[in-house]
Amino acid sequence: MVNSLAKRYEEARMIYSQLGVDTDLVLEKLAQVKISLHCWQGDDVHGFLRNEELSGGISVTGNYPGAARTPQELRQDLEKALTVIPGKHKVNLHAIYADTDEKVDLDALEPKHFKPWVEWAKEQKLGLDFNPSCFSHPNFQDGFSISHPDEKIRKFWIMHCKATRKISEYFGKELKQTCVTNFWFPDGYKDVPVDRMAPRRRMKEALDEVFSEKIDSKYNVDTIESKLFGIGSESYVVGSHEFCLSYAIKHDKAICLDVGHFHPTETISNKLSAIALFDTEILLHVSRPVRWDSDHVVIMDDELQEIAKELVRNNLLNKTHIGLDYFDASINRIAAWVIGSRNMIKAILRAMLEPTELLKEAEAKGDLTTRLVLLEELKSFPFGAIWDYYCEKMGVPVRESWLVDVKRYETDVLMKRK
Ligand code: RNT
Ligand code: ZN
């Protein structure tokens, strides 16, 4: 097995080297890329803090058995997933995933409520990212959180967001890795509003207050996530793309682009080179919208590859944070994590295997024939041999063999959760 993998790699290496691509170097670079694994795939965005129904216009379908019911189970499941994903990565937590016996509400969360997560992350050598959870709570009222017309409700969410940033700072300090904190608010109207500006003004002022405390960017980077519409906010979302991007650029915040948060024919891959020119850091929420922001498991589709190519071609990997954001409860949840993560890494590998300079040269010379010929021929180059070799080298199962591990875990652990 090992020998034949090495042999196939050697053949592929020669083929790529003819176009000037150094596959050994590519694999070294690939090993540096971190993916932030969203904890919420493990329990259908439920969390452990309260027992509320999911709200905020997002929804999970399916009832595959084995969802994690406790922080311990969620960590155990994440560990399992990480054993079959090549590389060292991060885990993305939401505030509702606090690990504590205390009865504490979102506005009063403190670093101590996340201590077990930090200890675990240290032990597993993982970074942590974070999110305030401005949904699934009685104070998410009439479709509004931080831009609600009632000042008391607004205050609650402002306090929650402030508390979140202190926890992020703690993650960053303890783990010696910057924590990315993403602010997403579901706020909006189902039907056409009259006053579109007032909620945006309230959101702007609320964010100013949330960010009034300076936190060292060594420990925490804030990102703001826009959205086009959600269930219950079909006509108007306060935090639209224009709102979030303008706020981020003006206030030196990062912008979060979720693949499913735009018009159906609009792609985030086409936005990266534009935003990056203005020195704004970017967080990606890699997801797969099927006809709407459905948050399907990430597959190797055209947009995933285009995103990866834009990151590699424009040298954006060092200023882009790659997070996953989808939730599918109709298949094994650990497999869902693994499929999306392996695809993300594989898409970056494919992008790194592209002879970008050669292509850019052809384009600059106006030789668009060569550009198209190369792009099309590259699609059947032997990147699979390079990927298999990489998995083997990184000590994770090759090709689909990881499923055996995950299925065994399903029988031994997941199916026993009743
Ligand atoms: C919702 C946003 C948001 C959430 C998570 C749980 O449409 O994409 O990022 O999915 O924060
Ligand atoms: Zn998202």
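How much length would be gained if the chain were fully extended between Val404 and Glu266, taking 0.36 nm per residue of separation minus their Cα-Cα distance, in nm to one decimal?
Here the answer is 45.9 nm.
Between Glu361 and Lys125, what FRET efficiency comes out of the Förster formula 1/(1 + (r/R0)^6) with R0 = 51 Å and r the beta carbon distance, rounded to 0.05? According to the calculation, E is roughly 0.80. Here the 3J(HN,Hα) profile of the range 356-361, calculated from phi with Karplus coefficients 6.51, -1.76 and 1.60 at θ = phi - 60°, is 4, 4, 4, 5, 5, 4 Hz, Gly and Pro shown as x. Estimated purely from DSSP H runs of n ≥ 4, each contributing -39500 (n - 2.57), the mean residue ellipticity at 222 nm for the chain is -13500 deg cm²/dmol once divided by its residues.
Would you mind giving the three semi-axes, in whole Å and largest first, of the ellipsoid equivalent to the range 76-116 according to its Cα gyration tensor?
Semi-axes (√(5λ), whole Å): 27, 10, 8.
Using the Cα coordinates of the range 240-326, the gyration tensor eigenvalues translate into equivalent-ellipsoid semi-axes of 20, 15, 11 Å, sorted from longest to shortest.
Given their separation in residues at 0.36 nm each and the Cα-Cα distance between them, Ser330 and Val104 gain 78.2 nm when the chain is fully extended. Note on the range 1-102: Rg/Rh from Cα positions, Kirkwood definition for Rh, rounded to two decimals, is 1.18.
Between Ser246 and Glu234, the modelled labels are 2.7 nm apart [label points 7 Å from Cα along Cα→Cβ].
Over all Cα atoms in the range 354-418, the spread is summed up by Rg and Dmax: 20.5, 64 Å. Principal semi-axes of the equivalent ellipsoid, √(5λ) from the alpha carbon gyration tensor of the range 309-418, are 36, 16, 12 Å from largest down. With the alpha-carbon atoms of the chain aligned to their principal axes, the span from lowest to highest coordinate is 65, 55, 39 Å, starting with the largest. Dipole orientation for the range 274-418: of the candidates Ser287, Asn343, Val396, Val396 has the Cα lying most toward the positive pole (charges on Cβ; Lys, Arg +1; Asp, Glu -1). Distance from the C-alpha centroid of the range 278-316 to that of the range 160-215: 23 Å, rounded to the whole angstrom. The spacing between the range 85-114 and the range 229-267, judged by their C-alpha centroids, is 25 Å.
Considering the chain as a Gaussian network with a 10 Å cut-off on Cα pairs, which listed residue, Gly395, Gly260, Gly66, attains the greatest mean-square fluctuation? Highest fluctuation among the options: Gly395. Net charge of the neighbourhood of Cys256, taken over other residues with C-beta under 12 Å away and scored Lys/Arg +1, Asp/Glu -1, is -3. A simple rule links phi to the HN-Hα coupling: the Karplus curve 6.51 cos²θ - 1.76 cosθ + 1.60 with θ = phi - 60°, which for the range 133-144 gives 10, 9, 7, 6, 8, x, 7, 8, 10, 6, x, 10 Hz, with x for Gly and Pro. Taking amide H as placed 1.01 Å from N in the peptide plane, Tyr236 has its amide H under 5 Å from the amide H of Tyr189, each at least 5 places away in sequence or on another chain.
Among residues other than Gly47 with Cβ under 12 Å from its Cβ, the summed charge is -3 (Lys and Arg +1, Asp and Glu -1). Listed by chain and number, the lysines whose C-alpha is less than 25 Å from the C-alpha of Lys173, apart from same-chain residues fewer than 8 away, are Lys34, Lys88, Lys90, Lys112, Lys115, Lys122, Lys125, Lys162, Lys214, Lys218, Lys253, Lys319. Between amide H atoms placed 1.01 Å from N, distances below 5 Å from Phe130 occur with Leu93, Val180, Thr181, Asn182, all of them 5 or more places distant or on a separate chain.
Once you keep just the Cα pairs under 8 angstrom separated by 6 or more residues, what percentage relative contact order results for the range 16-99? Rounded, it is 47 percent for the range 16-99. In order along the range 71-82, phi translates into HN-Hα couplings of x, 4, 5, 5, 5, 4, 5, 4, 4, 4, 4, 5 Hz, rounded to whole numbers, per the Karplus curve 6.51 cos²θ - 1.76 cosθ + 1.60 with θ = phi - 60° and x for Gly and Pro. Straight-line cross-link partners of Lys416 among the lysines, defined as a Cα under 22 Å from its Cα and at least 8 positions apart when in the same chain: Lys80, Lys407.
Only beta bridges with both residues in the chain are counted; by DSSP, about 10 percent of them are antiparallel.
Here's how it looks for His321: its modeled amide H is under 5 Å from those of Ile282, Leu283, Leu284, which are all 5 or more places away or on a different chain. Note that the range 82-144 shows a convex hull volume over its alpha carbon atoms of 111 Å³ per residue. For the pair Leu277 and Thr369 in one chain, pulling the backbone fully straight at 0.36 nm per residue adds 30.3 nm over the alpha carbon distance. Inter-part distance, the range 342-418 to the range 1-62, computed on C-alpha centroids, equals 9 Å.
Read the figures in this text as sums done on the coordinates, not as results from a lab. All values derive from a computational prediction rather than experimental measurement. With ideal geometry, Cβ positions are generated from the backbone for all residues, glycine too; neighbour counts draw on all protein chains shown.
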